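The values are calculated or read from the model by the stated rules, or taken from the named source; none is laboratory data. Keep in mind that this is a model prediction, so the values were computed, not measured. Every residue, glycine as well, gets a Cβ built from its backbone with ideal geometry; the counts of neighbours run over all protein chains shown. Each accessible area value is taken on the protein alone, full model and side chains, heavy atoms only, with ligands, DNA and RNA left out. Shrake-Rupley method; radii C 1.70, N 1.55, O 1.52, S 1.80 Å.
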Amino acid sequence: MIKKLSYILLVCVVCAVLLAGCKKTTPESPEAPASDTTLTDTPLQIEPTVGAPPADATEPSTLIIGKIILASTTSAEDSGLLAFILPEFTAETGWDVEVVSVGDDTALQMGRDGEADVLLLHSRQDEDKFVEDGYAARRYDVMRNDFVVVGPDDGSIAYNNDIKKTLKAINDEGLGFVAMESGSGTHKKEMSIWNSIDIDPEGNALYLSIGQGMGATLRITKELNIYTLSDRATWLSFSEKGNLSIICEGDPELDNPYGLIPVSASVNEHVNAEGGQAFADWITSTEGKEYITKFGAGEYDQPLFIPAD
């Protein structure tokens, strides 16, 4: 009982610190125009903005022809991928991009409500249903990486490549595990594995559902020195790993494909279908794939995402 209360108190403290840190350190996007981007029940109205090039420019500057809203899974944002590729997309096409980093379920609802122009997700079944329901004409394979289980390198679970065995050990031994927000693709993957071995993780007193994105989930996992499931890209780019290391990797069950879905103009009049399709065309082009491959390759000796064939 004391152990359980200690974890609960520590989680409360860590969450409070994370919330305070987010308010202080969240950077503003240098590319986004100054505007109120608070999401409300009223669909966002996208007004094209046109910038004029310098009067005496010897080299062409980027001509902004309009803005698109990208609702993206948190892993693509927390890993740094979007900050790496979006300036290149804007420079080459003239479309400015506003990123809304949320769980997959929230991103899909934004698409259904016409509050986003294009979606970047990793929840394949939900993506296919979004298209089948008529909210988009198609889904594009964009890239993939994989999931890993990270935990204390001096813990009781030895390094292995069997995800079912790993999660079963965490449950059977009553070890701490941090689950990210329930609407995320990562949490859906985690739950699909628990279900496949007929385990309800909520039965473990040290299973913590925190309702946070991938970066925050890793920070809490580090503070508590316990276990979590992470996409590899966010894990590799996570700078303060503490006593954590990869405990389980390489199981085919841990494959993590990402899809891109331009929202259909038929959803409502506020959807920028032209801009969403422009992003889909660019990121699936040879040039777009090259930028995906470059991301992280030098710093981590491996690309953090593999572009789709």
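In region 162-179, what count of residues is obtained for those that are assigned to a loop (DSSP other than H, G, I, E, B), open to solvent by 10 Å² or more (accessible area, probe 1.4 Å) and either within 18 Å of Asp255 (Cα to Cα) or not hydrophobic (A, V, I, L, M, F, W, C) (or both)? Counting residues in region 162-179 that are assigned to a loop (DSSP other than H, G, I, E, B), open to solvent by 10 Å² or more (accessible area, probe 1.4 Å) and either within 18 Å of Asp255 (Cα to Cα) or not hydrophobic (A, V, I, L, M, F, W, C) (or both) gives 3.
Just checking, how many residues over region 72-96 are under 16 Å from the mean Cα position of the chain (by Cα) and either hydroxyl-bearing (Ser, Thr, Tyr) or buried (at least 19 other Cβ atoms within 10 Å of the Cβ) (or both)? Walk me through it before giving the result.
Going through region 72-96, the residues under 16 Å from the mean Cα position of the chain (by Cα) turn out to be 72-86.
Next cut, either hydroxyl-bearing (Ser, Thr, Tyr) or buried (at least 19 other Cβ atoms within 10 Å of the Cβ) (or both) only: 72-79, 81-82, 85-86.
The total comes to 12.
Just one of the numbered conditions (1) of a type outside the set (Gly, Ala, Ser); (2) in contact with a helix residue (DSSP H, G or I) (Cβ under 6 Å, 6 or more places away or on another chain); (3) under 25 Å from Asp162 (Cα atoms) is not true of Tyr291: (3). So in region 195-217, with the set limited to residues that are in a helix (DSSP H, G or I) and under 18 Å from Asp104 (Cβ atoms), which one is most open to solvent (accessible area, probe 1.4 Å)? The qualifying residue most open to solvent (accessible area, probe 1.4 Å) is Asn195.
The set of residues in region 265-296 being in a helix (DSSP H, G or I), within 14 Å of Gly114 (Cα to Cα) and open to solvent by less than 20 Å² (accessible area, probe 1.4 Å) consists of Gly275, Gly276. Give me the residue from region 236-250 that is at pLDDT 95 or above and either under 16 Å from Lys189 (Cβ atoms) or among the hydrophobic types (A, V, I, L, M, F, W, C) (or both) and, out of that set, surrounded by the fewest Cβ atoms within 10 Å (Cβ to Cβ). Ranking the qualifying residues of region 236-250, first place goes to Gly250. Contact annotation: residue pairs with Cβ atoms under 6 Å, 6 or more positions apart or on different chains, pairing a residue in region 235-260 that is in contact (Cβ under 8 Å) with a residue 40 or more places away in the chain and closer than 24 Å to Trp194 by Cα with a partner that is among the hydroxyl-bearing types (Ser, Thr, Tyr) and open to solvent by less than 60 Å² (accessible area, probe 1.4 Å), are Cys248/Thr166.
Condition check ((1) in contact with a Ser or Thr (Cβ under 7 Å, 6 or more places away or on another chain); (2) part of a strand (DSSP E or B); (3) free of Cβ contacts under 8 Å to residues at least 60 places away in the same chain; (4) surrounded by fewer than 21 Cβ atoms within 10 Å (Cβ to Cβ)) across all residues:
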| position | (1), (2), (3), (4) |
| --- | --- |
| Leu70 | no, yes, no, no |
| Thr106 | no, no, no, yes |
| Leu120 | yes, yes, no, no |
| Phe130 | no, no, no, no |
| Ala136 | yes, no, no, no |
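Looking across region 72-100, the residues that are touching a helix residue (DSSP H, G or I) at 6+ places or on another chain (Cβ under 6 Å) and under 18 Å from Asn256 (Cα atoms) come down to Thr73, Thr74, Ser75, Ala76, Asp78, Ser79, Gly80, Leu82. Condition check: of a type in the set (S, T, N, Q), surrounded by fewer than 21 Cβ atoms within 10 Å (Cβ to Cβ) and in contact (Cβ under 8 Å) with a residue 60 or more places away in the chain. Does Asn225 satisfy that? So Asn225 passes the test. Against the numbered list (1) within 19 Å of Leu120 (Cα to Cα); (2) at pLDDT 95 or above; (3) in contact with a helix residue (DSSP H, G or I) (Cβ under 6 Å, 6 or more places away or on another chain), Pro303 comes up short only at (2). Which residues, taken from region 138-154, are surrounded by fewer than 19 Cβ atoms within 10 Å (Cβ to Cβ) and either within 19 Å of Leu224 (Cα to Cα) or free of Cβ contacts under 8 Å to residues at least 12 places away in the same chain (or both)? Across region 138-154, the qualifying residues are Asp153, Asp154. Only a single item in (1) out of contact with any Cys (no Cβ under 9 Å at 6 or more places or on another chain); (2) under 23 Å from Thr234 (Cα atoms); (3) in contact (Cβ under 8 Å) with a residue 24 or more places away in the chain is not met by Asp301, and it is number (3). The lone criterion from (1) closer than 22 Å to Tyr258 by Cβ; (2) open to solvent by 10 Å² or more (accessible area, probe 1.4 Å); (3) of a type in the set (Phe, Trp, Tyr) left unmet by Tyr159 is number (1).
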